[in-house]
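Note sheet for the following structure.
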Amino acid sequence: MSETTFNPTVIEMCGANIAALRDASLNVLDDVNWSVLPGEFWVVAGPQQSGKSDLLMHAAGLLMPAGGDCRVFGCATDSFGESQLAERLRVGFVFAGGKLFNQLTVAENVALPLRYQKNLTAAEAVRAVEVLLELLELTSFANVTPSNLSANWRQRAALARALVLKPELLLLDNPLSGLGARHRQWLLKFLDQLWAGHDHFGGRPMTLVATTDDLRAWQHPQRKFAVLHEKTFSVLGAWGEAEFTRNHAVKELLAEPDATTI
């Protein structure tokens with residue numbers, strides 16, 4: 001029996017110590033215990049520099065915990081190598097700010113996973129890329145380089161790149177940051193469609209995890225919430241529990257911005 005068989009969890013962290021990407025000797029979170037089941041939508045909130053990006057990198061199997069255990073689709077991430085390629089390709093990741101390659105066009109950026117992971121030629125990848133660009137309203141930007149796009153469209157192009165391999169798990173690092181109101185609403189609606197099961201992705205509900213430093217936009221009765229504060233990962237539960245918690249960090253993340261500081 002393989003270690004992935006009969007394991008229902010998508011992400012499983014048991015006593016995981018989360019090391020910082022910028023300094024592997026520094027733990028940003030201690031003793032994280034967290035399970036993400038198929039079809040769940042988690043929002044992990046925390047102030048800047050609280051470890052949100054580091055946690056997400058560990059959840060994707062891109063970093064290994066300094067201690068404890070982290071598994072993605074049942075595979076321990078300390079052995080998440082080429083032999084686990086099938087499991088790795090089940091994960092899509094949208095980096096904060098997009099992290100697109102400025103020397104490539106939007107279409108070329110989106111095609112990269114197909115060319116690198118599926119060994120498709122540029123010509124072979126064209127149709128899949130065209131369909132996805134149309135779905136995300138990016139067709140008119142196909143031949144534009146990211147440096148010539150606004151943050152709104154760069155973020156959408158980064159999402160297209162993460163989705164081109166049709167992942168089962170989608171991780172998004174602070175995806176609403178820097179977006180205008182219209183694009184924020186579009187993204188939230190589109191993520192809900194992925195969560196429910198979008199026709200383009202076979203109608204299968206997608207598991208999602210997003211990080212944020214502002215909880216207000218993420219209100220939903222069926223999403224699950226967690227908060228990072230002072231090196232601690234705390235599960236809050238559903239929105240009602242998050243909204244009325246006495247956790248000081250959560251109250252700050254739900255607060256309206258102070259007009260005097262804007």
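The values are calculated or read from the model by the stated rules, or taken from the named source; none is laboratory data. Only a predicted model underlies this, so the values are computations on that prediction, with no experimental measurement involved. Because the Cβ atoms are built from the backbone with ideal geometry, glycine has one as well, and the counts that use them run over all protein chains shown. The area values use the complete protein model at the heavy-atom level, side chains included, leaving out ligands, DNA and RNA. Shrake-Rupley method; radii C 1.70, N 1.55, O 1.52, S 1.80 Å.
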*asked:* Being aliphatic (A, V, I, L, M) and in a helix (DSSP H, G or I) is the requirement here; does residue 100 meet it?
replied: no
*Evaluate region 99-112: report whether one residue or more is over 25 Å from residue 10 (Cβ atoms), open to solvent by 40 Å² or more (accessible area, probe 1.4 Å) and within 19 Å of the chain's Cα centre (by Cα).*
yes
*asked:* I'd like the full set of residues that are assigned to a helix (DSSP H, G or I) and at pLDDT 90 or above, limited to region 103-126.
replied: 106, 107, 108, 109, 110, 111, 112, 113, 114, 126
*Please enumerate the residues belonging to region 139-163 that are in contact with a His (Cβ under 9 Å, 6 or more places away or on another chain) and surrounded by 19 or more Cβ atoms within 10 Å (Cβ to Cβ).*
153, 155, 156, 163
*Check region 216-237 and report whether any residue there is of a type in the set (A, V, I, L, M), open to solvent by 50 Å² or more (accessible area, probe 1.4 Å) and in a strand (DSSP E or B).*
yes
*Within region 175-204, count every residue that is outside any helix (DSSP H, G or I) and either open to solvent by less than 30 Å² (accessible area, probe 1.4 Å) or not polar (S, T, N, Q) (or both).*
10
*Candidate set: region 127-138, residues that are part of a helix (DSSP H, G or I) and open to solvent by 70 Å² or more (accessible area, probe 1.4 Å); chosen: the one farthest from residue 174 (Cα to Cα)*: 127
